[in-house]
1. Restricting the range 24-52 to residues that are over 30 Å from Ala133 (Cβ atoms) and surrounded by 18 or more Cβ atoms within 10 Å (Cβ to Cβ), which is farthest from the chain's Cα centre (by Cα)?
2. Please go through (1) more than 25 Å from Lys120 (Cβ to Cβ); (2) in contact with a strand residue (DSSP E or B) (Cβ under 9 Å, 6 or more places away or on another chain) for Trp259 and return the number of the only condition it doesn't satisfy.
3. Which one of the conditions (1) touching a strand residue (DSSP E or B) at 6+ places or on another chain (Cβ under 8 Å); (2) of a type in the set (Gly, Ala, Ser); (3) more than 29 Å from Leu19 (Cα to Cα) does Gly81 fail to meet, given that it meets all the rest?
4. If I ask for residues that are surrounded by 15 or more Cβ atoms within 10 Å (Cβ to Cβ), among the charged types (D, E, K, R) and within 14 Å of Val101 (Cβ to Cβ), which ones from the range 139-195 would you list?
Amino acid sequence: MNESTFYPFFFTPIYQYRLWGGRRLSNLLTEPLPDGPVGEAWILSDRDDHASVVNNGLYKGITLTDLFNQYPESVMGRLAGNFDRFPLLLKFLDAQEVLSVQVHPSDDQKEYIPKGDTGKTEAWFVIEPGEKALIYAGLTPGTNEQDLRIALDEHKVANYLHSFKPKSGDGVFIHSGTVHTLADVVVFEVQENSDTTYRLYDWDRTDAKTGKPRELQIDKALACIDFSLVDIDPVKSEATATEPVLRERYFNNEHFILWRMYTADQFTVGAEDEPRILVCTEGNGQLDFKGTKYTFKKGDVVLLPAEIGVIKCIPQGKINLLEIAIPETK
C-alpha cells in the first residue's frame, strides 16, 4: 500500500483474564467483555503473542507489528530505526481485587530479562477508584532484603509497603525496581513494551481456574528491587500550556511523556515527524485530519503516525484526553 495513505489509527482492545479482575472495563470500552474476571485490556500492543489490530479505514485488519515493520518512517518519523518494535505497551487495568506484590527489572539487569524483552518502567493514570481503593508504591524507609524475607515467612509483607488512597486524576510513576500493587481501582497504564514481572507475594490466595497458588519468583523479585524507592506518592502535574486549553504534563522520562487535557475547547494534538498516542478516558469528540472527521469516544486509543503531523481535536462537550510521546533515546 502507498505510504501516503496513513490516517489516525484506532485499535480493537485485547482482553486478558486475571484472577484479580472484574467487570468495570465495560464502563470504558464498548467491545463486549468475555466471561469471567477481566483484569486487563491491552489497547496498544506490539507483542508476538498479542498484537493490536487496526479497526478502521484502509488498513483495517493490519496489526501494529506489521505497520511498524513495513512502514517504519511513516509510523515513527525521526524515531525510525531507534527501536526494534513499537516501544510502548498501553493497557486499562481493572483491579477488582488486589494484584500480587511485584517488581519489574530495570533495562540494565540483563540477567533477569528474557531474550528479546526489556526492563519495565510504567505509570498509572487513575480513572475510577472504588470505595476500598488502595495503591501500594515503594517500600517504607529503611526496609531491607532481610526484612522482606522475614515478612514473607510471617505473611506480613504489607507492613513494609507504602500505600495511599488514590483519587480520580492521580498519576503514579512506577520506576523499574519499585515494589508495587493496587486494589479496587481502574487505571490506564503506559509502560515499556515488556511483559517481565516477578511476583514477591500473592496474599496467600489460590487461582480459581487451577485451584493452586500462583507461582512466586521471590529470589528474582528481591534481586530486582531498588530499596531506595520508598514512599511513592502521586506525581504533581505541571502546566505546560494554558491557551487555548490547560495542558498538564504528568510524566516525563526516558521512556514516555504524558500530558492530560481536560476541556470542551478545540485544540491541536500530534507533532511533526514523530508519533503520538491519544487515549480518551472521558467524553467524546472528533479528530480533523485533512477535512475528514474521525470520531472518538471514552476508552478509545488512537495512534497518530508521524507522517500525519499536527491535527485538530474537536471535543463534543468536556473530554479528558491523554497524549503520549516517545522520547528520542538514541
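1. Ala51
2. (1)
3. The one condition Gly81 does not meet is (1).
4. Step one: list which residues in the range 139-195 are surrounded by 15 or more Cβ atoms within 10 Å (Cβ to Cβ), which gives 139, 143, 147-148, 151-152, 157-158, 160-164, 166, 168-195.
With among the charged types (D, E, K, R) added as a condition, the list becomes 147, 170, 184, 189, 192, 195.
Of everything in the range 139-195, just one residue is surrounded by 15 or more Cβ atoms within 10 Å (Cβ to Cβ), among the charged types (D, E, K, R) and within 14 Å of Val101 (Cβ to Cβ), namely Asp147.
Read-outs throughout are calculated quantities, based only on the coordinates presented, and are distinct from any laboratory measurement. Remember, predicted model here, so these are calculated numbers, not experimental data. Cβ: placed from backbone, ideal geometry, glycine included. Neighbour counts: every protein chain shown.
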